[in-house]
Amino acid sequence: MTTTPAVLIVEDDTDVRELLRRRFSRSGYHAVAVASGEAGLAALEWSRPCLAVVDIGLPGMSGWEFIARFRERTAGAVPVCVVSALDPPTDVARPNLEGYVTKPVGSRDIQHMLNIIDSGGS
């Protein structure tokens with residue numbers, strides 16, 4: 001297990017996943033990048049992230065389902081930022097999120113996610 005703070009990236013698009021992995025790595029984080037919700041939950045066995053960055057349109061388990069399971073396993077103590085091509089939901093049944101970024105992801109979006117970490121998710 002690494003002592004460097006980890007960011008869990010759950011994104012099925014290879015280009016977006018790699019962009020996020022590189023940007024968080026350059027910012028000093030151990031970026032754990034996976035392509036599915038199932039792999040993201042498995043990563044929790046060996047990594048405790050300080051932020052989860054989650055796409056909603058994942059194969060298999062949806063991003064919303066992943067977030068619900070992730071919140072259960074982390075007792076809601078880890079902030080979550082959604083990265084999606086979809087507009088933010090207005091449905092009150094969706095989980096509370098610390099951030100929502102609409103694709104394409106830019107430098108300001110990455111900075112927003114880093115600010116979530118710096119603020120402790122609030």
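Since every read-out is calculated from the coordinates, none of them should be taken as a lab result. A quick note: this is a predicted structure, and the numbers were derived from the prediction, not measured.
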**Prompt:** Can you list residues whose amide H is under 5 Å from Val83's amide H, if they're 5+ apart or on another chain and H is modeled 1.01 Å from N?
**Reply:** Val54, Asp55, Ile56, Val101
**Prompt:** Which of these values of Cα extents along the principal axes in Å was calculated from the structure shown: (1) 66, 33, 18; (2) 39, 37, 26; (3) 36, 30, 29?
**Reply:** (3)
**Item:** Rounded to whole Hz, the Karplus (6.51, -1.76, 1.60) HN-Hα couplings of region 5-19, x for glycine and proline
**Value:** x, 9, 10, 8, 10, 10, 8, 7, 7, 4, 5, 5, 4, 5, 4
**Prompt:** At 222 nm, what helix-only mean residue ellipticity would the chain give, in deg cm²/dmol to the nearest 500, using -39500 (n - 2.57) for each DSSP H run of four or more?
**Reply:** -10500 deg cm²/dmol
**Prompt:** Can you give the extra length, in nm with one decimal, that the chain gains between Ala85 and Ser25 once fully stretched, where that is 0.36 nm per residue apart less the Cα-Cα distance?
**Reply:** 19.3 nm
